[in-house]
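No value in this document is a laboratory result; all are computed from the given coordinates. Note that the structure is predicted; figures quoted are calculated from it, not measured. Neighbour counts are summed over all protein chains in view; Cβ atoms, including those assigned to glycine, are modelled from backbone coordinates with ideal geometry.
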There are 2 protein chains.
Amino acid sequence: MKTYFGIDIGGTTIKFGLFHEDGELLEKWEIPTRKEHAGALIPEDIAFSLKEHAEKKKLTMAEISGIGVGVPGPVTEDGVVHQCPNLGWGTFSVAEKFQELTGVENIKIGNDANVATLGEMWRGGGKGSENIVMITLGTGVGGGVVIHGKILTGSRGAAGEIGHLCVNYHEPDTCGCGKHGCLEQYASATGIVKEAKRLLARDSRETKLRDMEKLSAKGIFDAAKLGDTVALELVEQLGFYLGMASSYLAQIVDPEVYVIGGGVSRAGKILLDAIEKHYDENVMDALKQKEFRLAELGNDAGIYGAVKMVLS
Amino acid sequence: MKTYFGIDIGGTTIKFGLFHEDGELLEKWEIPTRKEHAGALIPEDIAFSLKEHAEKKKLTMAEISGIGVGVPGPVTEDGVVHQCPNLGWGTFSVAEKFQELTGVENIKIGNDANVATLGEMWRGGGKGSENIVMITLGTGVGGGVVIHGKILTGSRGAAGEIGHLCVNYHEPDTCGCGKHGCLEQYASATGIVKEAKRLLARDSRETKLRDMEKLSAKGIFDAAKLGDTVALELVEQLGFYLGMASSYLAQIVDPEVYVIGGGVSRAGKILLDAIEKHYDENVMDALKQKEFRLAELGNDAGIYGAVKMVLS
């Protein structure tokens, strides 16, 4: 059976997976990301680690059928990364670099959020569909679009930047990206807390949220599940923003399944229900009643998706 | 040289084009759309007209290398049309029907707005790029998305429904689709006039628009070009809605070129400039400064795009 490597390069650690072509994960491991010298050490660290783990499995690099790599920055179809400040990288062909270092020809590079979406399509919450959108709610809001089983990359590698869809034209505060009213300002873990603080400041109703020592997205969902009116209102508002963004996605790419991932998605059904309600209110009839599901692969989505890129 | 037919089925007329594979349009003609009997006559009317025109050119149907067809309703990749009230059609495989009637194997069916987008990519305003979005501003607002030279169809054939992107959460009036705040409510020819009337009703400033016997989108643009403050404000507002919708498109699919078509686009540069300004304000840095161009093929975009579907 053919063997593949899937790699997910993050700002802190680099995750690796050795896979069989049927999707079986044989081994996974990680190494720290050494960002010094503008990230110049990263490709060689990766190549070294790959060879080491291949040898342990009594494999030569010539026996590796492909290597997929997810990178935290915009990547075009040709495997060129366009500025990746998280790693210190400028613009260069990461695909060529890895071909050179490993001798493996079949190498594909993708944006990490897009690659994770492909992973969820293949083995996670999107299983069974080839047209999915993933929205990842963590420290920031990321996402990706997969159409006919392939990542939608875009002309500059910036497709699927769902976190920076505008969902509120009247937002006075500036997003990290410089715009106003981005989804990330409301639906990231920090955004959720910020919106809660805003509401508490202008609202005098009694709520468990006031008694919390440290307000958190989890605390807000927990209070909502226990029926706290203010917390429920916050979840409703979050559902509006996410439902609205999902409606844009539907009107433009008409996916079959929405997969919601990231730490915030641990809230579960209450979150999916809130999104779905506002989604249905904001799409044409022909687009109503899509599936909203939770992500399943957690931090492994990236290595699965990386391998899926080189399989197909 | 290989010969192809491109067909654009509209609610009133059916347009035909006979093309060489290099894109040369050898002949074009049209027939009325006979909608009686739930549109059952349409396929046979088309097949008859094709044979007649092939014979005139001393071609047999066996010498036709492919037929592409644009249809005013949702079409999935398999050539199945899903309800097409404009023609009276229910759900059936239009591709199979035409294979049966013509004996030609290479048949592709697409949604008319999507097919027109492909036509503009091939021979019109999008020439030179394989990643374009078209927004058509006419009686309604339509559009399409082409990625890597292929129409983005979506899981239910409803991708590219740009006219029903929500661009105003506070709109009290209902769109034809049943939602509120759709782009079509502001950027269609009738929407532009409606917004003008709204503004004139609540505003007492002097403006040429009040003297017009019949307010029209063209009249508003003409007044704006002559410096009429109120008309300029209306163009600015239109630019906001179109720029905002274009920003959603960028954040999701990252196209290279936006092509603006339909009757309203005859306003020209003043319209493109207004869209571009608001577009740049509402996208991430990596997506700024895209090309906004005017459509070039007019009513022929559909027959060009139909042929392009069967060429590739």
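Quick notes
- Cβ crowding within 10 Å, taken as a proxy for footprinting-reagent exposure, orders A:Asp300, B:Asp173 from fewest neighbours to most as B:Asp173, A:Asp300.
- Shielding of B:73-84 by partner chains, average beta-carbon count, 10 Å: 1
- Reach of A:Lys127 by Cα under 19 Å, taken over lysines that are not fewer than 8 positions away in the same chain: A:Lys150, A:Lys269, A:Lys290, A:Lys308
- Listed by chain and number, the lysines placed with their C-alpha closer than 17 angstrom to that of A:Lys57 are A:Lys2, A:Lys28; residues fewer than eight positions away on the same chain are left out.
- Sorting the segments A:65-72, B:59-66, B:46-53 by their mean number of nearby beta carbons within 10 angstrom, highest to lowest, gives A:65-72, B:46-53, B:59-66.
- CD proxy at 222 nm, helix term only [per DSSP H run n ≥ 4: -39500 (n - 2.57); per residue of chain A; nearest 500]: -11500 deg cm²/dmol
- Distances in nm from A:His20 to the matching label points in the other copies, shortest first (labels 7 Å along Cα to Cβ): 5.6
- Cα centroids of the range B:46-96 and the range B:199-237: 44 Å apart.
- Estimated Rh, the protein assembly as shown: Kirkwood, alpha-carbon pairs, angstrom: 26.0 Å
- Residue by residue along A:235-247, Cβ atoms of other protein chains within 10 Å of the local Cβ number 1 on average.
- Peptides ranked, highest mean first, by Cβ atoms within 10 Å: ranges A:32-38, B:265-271: B:265-271, A:32-38
- Sequence-distant aspartates and glutamates (8 or more away, or on other chains) whose Cα lies within less than 14 Å of B:Lys277: B:Glu233, B:Glu236, B:Asp285, B:Glu291
- Isotropic mean projected area of the C-alpha convex hull, the range A:152-250 (nm²): 7.4 nm²
- Taking the convex hull of Cα positions in the range B:201-312, its mean projected area over all directions (nm²): 9.1 nm²
- Shielding value for B:156-165 is 6, the average number of Cβ atoms from other chains within 10 Å of each residue's Cβ.
- Diffusion coefficient, µm² s⁻¹, Stokes-Einstein with Kirkwood Rh over alpha-carbon pairs of chain B at 20 °C and 1.002 mPa s: 106 µm²/s
- Spatial offset of the range B:242-256 relative to the range A:293-312 amounts to 27 Å, using the alpha carbon center of each.
- Summary for A:Asp211: label point 7 Å along Cα→Cβ; distances to the equivalent points in the other copies, ascending, 7.1 nm.
- Each other copy places its own label point for A:Glu44 at 7.7 nm from this one, sorted shortest first, where the point lies 7 Å along the Cα-to-beta carbon line.
- Helix A:269-281 vs. chain A, principal-axis angle (Cα, 0 to 90°, nearest 10): 80 degrees
- Ranked by how many other Cβ atoms sit within 10 Å of their own Cβ, fewest first, the residues B:Asp280, B:Asp78 fall in the order B:Asp78, B:Asp280.
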